[in-house]
1. What are the residues whose amide H is under 5 Å from the amide H of GLN142, where those residues sit 5 or more places off or on another chain and H is modelled from the backbone?
2. On a full-extension model of 0.36 nm per residue, what is the gain between ASN160 and VAL223, subtracting their alpha-carbon distance, rounded to one decimal in nm?
3. Say the dipole of segment 141-291 comes from +1 at the beta carbon of Lys and Arg and -1 at that of Asp and Glu; which of CYS263, GLY187, THR243 then lies farthest toward its positive end?
4. Taking the Cα centroid of segment 226-293 and of segment 84-107, what is the distance between the two, rounded to the nearest whole Å?
5. If you count, for each residue, the other Cβ atoms within 10 Å and average over each peptide, how do 169-179, 91-101 line up from highest to lowest?
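Quick note: the coordinates plus some simple rules give every number you see, no bench work behind them. No experiment lies behind these values; they were computed from the predicted model shown. Here the Cβ is made from the backbone with ideal geometry for all residues, glycine too, and neighbour counts use every protein chain on show.
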Amino acid sequence: MENETENKKRALYGFVIALVIASLAFRILLDIEFEQTSILFVGIPALITLLVIKYSSTPKSIYGVVFKTLTLFLLMTSILFGEGLVCIIFMAPIFYGVAALIVVIIKILRDKNKSSLKTFVLVPIILLVGEVSNIKTTPEIQVVTTSLTVNKILTLNQLNQSPNFLNQFPTFFKLGFPKPIAISGLGTNIGDYRKIKFESNTKGIGTLHLEIKQQTANSITFVLIDDSTHINHWLSWKEITITINNNEINNTSIVTWTTHFTCDLGPSWYFEPIERYGVEVMNTHLLNTFFKQ
């Protein structure tokens, strides 16, 4: 009975210690602007897992203790650091995945009585998975192209309308992404602009400023001038090209929306597919909004 009480106390102490140290580490990463890197998304769950294993109870229940600690830490980030639901949803799978991997490795090493090799095995795995060496490298430009066929002849002047897209957001973007609340700017000539205000539930209002840098008879290309929205913590817009190809024989038009951006979150192997999917959903939504009314 006494041993059981001691184990529970030890687990509680480990639980609290892990949360305190992880919260401090998270704050430091925010202060030095490393919150978008794999040091956060891989390093923090690894740190929590190792602390819990060191200070918690027996390996038999270690998965439950680790996942409980991670869950509370994720909930704390939404309260203490103002992270939205979408951030928690994106962070959770990689947090749990890294933690589970580390627990599995440690349990294997313990079963084989090779705990002394723990550090030598964990460090290279964390470095490889987390891509720490790529923290300061320039992200590769991602290109997402989406097309829509419309049964009428279209012109680029469709982009001059002020669509009511604010209340028609796709389900994916209702998870907690910043919402557009106002748009200003008209024209399809070089130098014309669009300023779109986005509101974040946790970070306030910011503006995405785009300007037309290139124009042809059937296409225009916007480039980024400035982005003060919270979206700039996840990705950087580079340019957006809208092209219309009309077929007057069939009285149809094919509109193509091509978005260039960089994924600013690491590890890239985890976040790039998510962001590419998000941009694909956005492209489809904007095509339907501007050209399918």
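1. Long-range HN contacts for GLN142: PHE261, THR262, CYS263.
2. Gain on stretching ASN160 to VAL223: 21.0 nm.
3. Looking along the dipole axis, the top candidate is GLY187.
4. 29 Å
5. Final packing ranking: 91-101, 169-179.
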